[in-house]
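Structure first, then comments.
What follows draws every value from the coordinates through simple rules; no lab data is involved. Small disclaimer: the values here were computed from a predicted structure and weren't measured. Here the Cβ positions follow ideal geometry from the backbone for every residue, glycine too, while neighbour counts run over all protein chains shown.
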Amino acid sequence: MAAAGLVAGAGPAQALPVAAGGTSPAAQATLRTDGGSAAAVRAVTDVPLHEVDLTVAPPSGLSAFALPAPSTTGPTPDETDPDTTASDATTPDAATADRPHGSDRVRTEPIATSEHTTIGVSWADPAASLAVQVRTRTDGTWSQWRALDDEVTSPDASTSEAQRTLRGGTEAVWIGDADAVELSFPATTAVPADLELTLVGDAATDGVTGDVTDGAGTAAGTATTDGTGARTAAATTTAALEDGDVGALAQASSVAAPAIVSRAEWGAAPQLCAFDVASTLQFAVVHHTAGSNAYTSVAQAMAQIRNDQRYHQQSRGWCDIGYNYLVDKWGNVYEGRAGSGDRPVIGVHAGGFNTGSVGVSMLGEYGAVAPPAATQESVARLIAWRLASYHRDPAGSFWYTTGGGENSRYAAGTRLQLPVVIGHRDVAFTACPGERGYAMLGAVRSRARDLVGSQMVNPYLLSTSLAYGAGTAVASDVVGSIGWTLTVVDRRTGVELVRRAGSTGPTSGTTIAGWDGRSDAGVALGAGPYTLTMTGTDLVDGSPLVPWSQNFEITGSQNPPVVAAVPLTGSLRYEAVDPARLVDTRATGGSLGASSRMDLKVAGVAGVPADAKAVALNITAVSSAGVSYVSAWPAGQARPGASVLNADAGRTTAASTVVGVGGQGLVSLYNNAGSVHLVVDVTGYFTDSGATDGYAPLTTAARALDTRTSGGAIPAGGRRTVPLAGTSGIPADATAVVVNVVSRAAGYGNVAVVPSGSAPGITSTVNHVPGRDVANRAVVPLRSGAVDVNVAGSAADVVVDVVGWFGPGGTQRFTPVAPARAFDTRLTGRQLGDGQTRTFPVASVGGVPADASSVVLNLTATRANAYATYLTAWGPGSRPATSDLNAGAGADIANVTFVRPGTSGVSVYNNAGSVDVVGDVMGYFR
């Protein structure tokens, strides 16, 4: 991340504009110019070095110490090439080495490093710049002067890190075992305010701890190689993580990750704040640290990284070390910024280009010397691994809109095309990663592409918002030849609905896979959220491709042509069937969007004869996108203003109903708002020929099961058999019962009341709402005179009340009607209050005759203000002790009732709070 002036053959660093500072007599005594006196300094400088805080940063933290006293004596070595690093370049010529590069410069006296191993200079204004030079003293010999380049890099403005208190500064430079430094500043401009020299690290411990691998050999028993010549010591991708570190292999890639030294292993400090994460990774930026190449062990490399992190955090104000990864001269790879191996964590390494990039920095200075082969190989492997995870071609290009920044070559908002692998100098005014480091990038791109192999590059969906019935396609560049598989999964249910396959050769930005919008069942996918995924293999070597996924949404309504209506037939007898599933849109993909209708075949299927006139259905709404209601009616007739169930987001809702069969043996189902999946099961049918069973209501509901008082809650996966025929007024030859089922559970799940001996999972009768009572009425066939109560998902207390039965002794016959609204307190009257009863007329509603013995009434509670309440519906006589519907605040709840009307109609009682009540007539018995 070095600033300008470090390219091979570059001239001396020039003074850049800096923030103004004050002056005082004390300042004139702290600096000297080459060949000048203190008086001459007064004439040319405005640098208040008495205010400079020189800050020591040992491993335990930072502390300040005073500036050394001025001196007018000292050796004077000659100037040298600024590309030579401070620790490496020395000269025996004491006559000239004392002179900084350029004229009109002032400098400090020697400052003891106290065995610290890294230095940096920082100042208050992060946008300011200062042409600092430094030289170091080792074993009594001063190095050449070199630029301590400005690291004018800041967090991207869009990140939370940019809101921290930040400071400007130079790069952090490794000085190894130097015992003193001198700094030089332009004499013609004022230095920025609050200037600090930071000394980091401790030579007593840095560079001597841990097993090491270096250019001379390997630590006994610890050295490994990965086949590339890059030696590793204690390098792993599965070490224990700390402070937000995440596993380096969490992101799928077609390229194996290089061995990575974890943050825990190199001794990282915790990050100071939560890191920002980009939506994707688009490119790689290669840097060098511009420090000495003279480090001799992996332990010293780790020490440099620790020092850089402390400087970035404590002097610059960043959350963490700026680079995502670092690579030493032996090819060892180190995880830098926390979390970089798992997600596209945003670093601070290329201002305006941090977001969406991975910053890789080589430890050392590569202006005059080329990075070692092991370093180049590890950089290529690292970039191939990270970019392959996001379907990028390391040898390709991409478009980017820059965020700008103090040192960016491009103003904020500039859109430009760049190589996918760039050097820092491509986007900033800097020489980084050095002349020779930059020259290697072409080879890195080629090697990284070879490692990635065949792949999809920058795939995308032609459209991510589809109208109902429309298809889409995947477009992509392709490197090599691939075989692909396209799948579509419903995000609400996790069900795979589409699987298609094909192959393609090398191509650029063309459509490689199309999809017609239909499931494998031939159904146009309904409204809702989906995920399209592309997987595949390299057709040459069979290696798997990195999977690619894109979410998309289908919107719109589905309303097939209306069929011809048929007259509804009355005086029907009942025939039970084993519960059978007529449709599950989760499996077919045919979810219903807003204002959508589907016509469901109910006659001539699932044991229901083609001449059936009405059916008993259990309808379940699953994965509703929001508050909605579902209506059911004979196909071909006008859609009624009545509903059979109410749904809301996050709740599975079931309701039973009896509905007449319409034209072509169909029943119409309608969803009012959002999108929803429907599951429909049939439990019996009504016909005017063949069947012999009639209906008989019980005078008083019979409680068949109450786990609260007998047997305890039924566990998840549990079953309880309840004998009914021959008990509580139900004859021994009864073929089906009408039951009201109430469940209370701590978690989600369902209760299914089914013919005894039925396999579990066929259907659900009641779906749990944790902590609340939920009720539903159902017609359940008997087998061996009994029913089974199955519980799934979460243990539940269950109450089962029998309100009527079907059998040869039943005398009442059913007549379906076009669903009709009998009452709605939202429109007439007022809410039912706490403990109140109100009677509603039902005679003549939907054709209900005055002599009807029972009415099939769908009862809905809405706008309840009590956390929990229940409704009871009855005709003549006193109120039963049972409930017909359990409701509460925050949800609209519906349930079907079979109620004998009195002379004034149907009475409805509300237990608690206040609630609106809606009643819809579905048919009647007489």
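List of remarks:
- Full-stretch length increase - A881, A673 - with 0.36 nm per residue and alpha-carbon distance subtracted: 71.3 nm
- Taken along the Cα-to-beta-carbon direction at a fixed 7 Å, the label points for S446 and S904 span 9.6 nm.
- Across region 451-468, coupling constants 3J(HN,Hα) worked out from phi with the 6.51/-1.76/1.60 Karplus curve, θ = phi - 60°, read 5, 5, x, 5, 6, 7, 10, 6, x, 7, 7, 5, 8, 10, 10, 10, 6, 3 Hz, and Gly and Pro carry x.
- Alpha-carbon centroid distance for the pair region 657-701 / region 613-630, whole angstrom: 12
- Maximal additional length on extending the T721-Q550 stretch stands at 56.8 nm, based on 0.36 nm per residue less the C-alpha distance.
- The distance from the alpha carbon centre of region 477-521 to that of region 403-431 is 36 Å, rounded to a whole number.
- Taking packing as the residue-averaged number of other Cβ atoms within 10 angstrom, the listed peptides 890-899, 449-458, 348-357, 599-608 run from highest to lowest as 348-357, 890-899, 449-458, 599-608.
- Whole-percent pair-distance distribution, where bins are 10 Å wide, for the alpha carbons of region 444-600: 10, 32, 25, 17, 9, 5, 2, 1, 0
- Per-pair calculated FRET efficiency, R0 = 56 Å: D125 and V540 via Cβ, rounded to 0.05: 0.50
- Ranked packing of 861-869, 590-598, 669-677, 409-417, most packed first, by mean Cβ within 10 Å: 669-677, 590-598, 861-869, 409-417
- Fewest-first ranking of T828, T765, using other Cβ atoms within 10 Å as the exposure measure: T828, T765
- Extension gain for T700 to D733 (0.36 nm times residue separation, less C-alpha to C-alpha distance): 9.9 nm.
- Taking Cβ atoms as reference points and 12 Å as the exclusive limit, the residues near V798 contribute a net charge of 0, counting Lys and Arg as +1 and Asp and Glu as -1.
- Projecting the Cα positions of L545, P529, G480 onto the charge dipole of region 455-555 (unit charges on Cβ atoms of Lys, Arg, Asp and Glu, taken about the Cα centre) puts P529 furthest along the positive direction.
- Local electrostatic count at A642 - Lys and Arg +1, Asp and Glu -1, tallied over other residues with Cβ under 11 Å: 0
- About the Cα centre, charge dipole magnitude for region 107-149 (Lys/Arg +1, Asp/Glu -1 at Cβ), debye: 140
- With the simple spin-label model, which puts each label point 7 Å out from Cα in the Cβ direction, the L272 to T401 separation comes to 3.1 nm.
- Approximate spin-label separation A157-A193, in nm, with each point projected 7 Å along Cα-to-Cβ: 2.3
- Per-residue Cβ neighbour rank within 10 angstrom, fewest leading, W805, W123: W123, W805
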